[in-house]
Amino acid sequence: MAEERLRAGDAAGFFAEAERSLAVALDGALGRRVDGLTRDELSSALGERGGPELASDVLKELDNCDFARFAPSAARQGEMRACLDRLPGLIERIERGA
C-alpha cells in the first residue's frame with residue numbers, strides 16, 4: 001500500500017501506511033499491541049529485544065512518519081522513497097530482534 005501511495009504522491013497516506021507497517025512488525029515481535037505504548041515504553045521493550053540501537057532507529061522512523069504525516073507538504077517524493085527503502089531492513093531487524 002505504501003508503494004501505491006508513493007506513486008500517487010499521497011504523502012500523508014504513504015507515511016500512515018509506513019507507520020502501520022512498523023506497528024504490525026512491532027506487534028508481532030513484541031507479542032502485544034504497541035499502539036497504546038508511550039515512546040518510553042516502546043523504547044524499553046525494543047531495547048530489551050534488540051538493544052538501544054534498534055530502539056533508537058525505530059523511534060526515529062516513527063517520528064519521521066509522524067512529522068511527515070501531519071506536515072505532508074514538507075514531505076517530498078525523495079523522502080518517501082528513502083523511507084520506503086529503509087522499511088524492509090528495519091522490519092527485518094525488528095523481527096529478528098537485532
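The values are calculated or read from the model by the stated rules, or taken from the named source; none is laboratory data. Quick caveat, the model's predicted, so the values are computed rather than measured. Using ideal geometry, Cβ is built from the backbone for each residue, glycine included, and neighbour counts are taken over all protein chains shown. Just so you know, the surface numbers come from the protein's heavy atoms only, side chains and all, with ligands and any DNA or RNA stripped out. Shrake-Rupley method; radii C 1.70, N 1.55, O 1.52, S 1.80 Å.
Membrane-span-like helices of the chain, defined as complete DSSP H segments with a Cα extent of 20 Å or more along the helix axis and a mean Kyte hydropathy of at least 0.0, are identified as 11-30. In this calculation the C-beta distance from Leu59 to Arg96 is compared with R0 = 25 Å, giving a FRET efficiency of 0.85.
Write down Rg/Rh for segment 1-43, rounded to two decimals, with Rg from the C-alpha atoms and Rh from the Kirkwood relation over Cα pairs.
That ratio equals 1.10.
A 1.4 Å probe run over the protein chains yields, for the chain, 56 Å² of accessible area per residue, whole-number rounding.
Would you work out what percent of the accessible area of the chain, with all protein chains in place, is carbon or sulfur (probe 1.4 Å)? Carbon and sulfur together cover 50 percent of it.
Each Cα pair under 8 Å and six or more residues apart adds its sequence gap; the mean of these over the residue count of the chain is a relative contact order of 41 percent.
Computed with the Debye formula from one identical point scatterer per Cα of the chain, without solvent, the log10 of I(q)/I(0) at q = 0.19 Å⁻¹ comes to -0.85.
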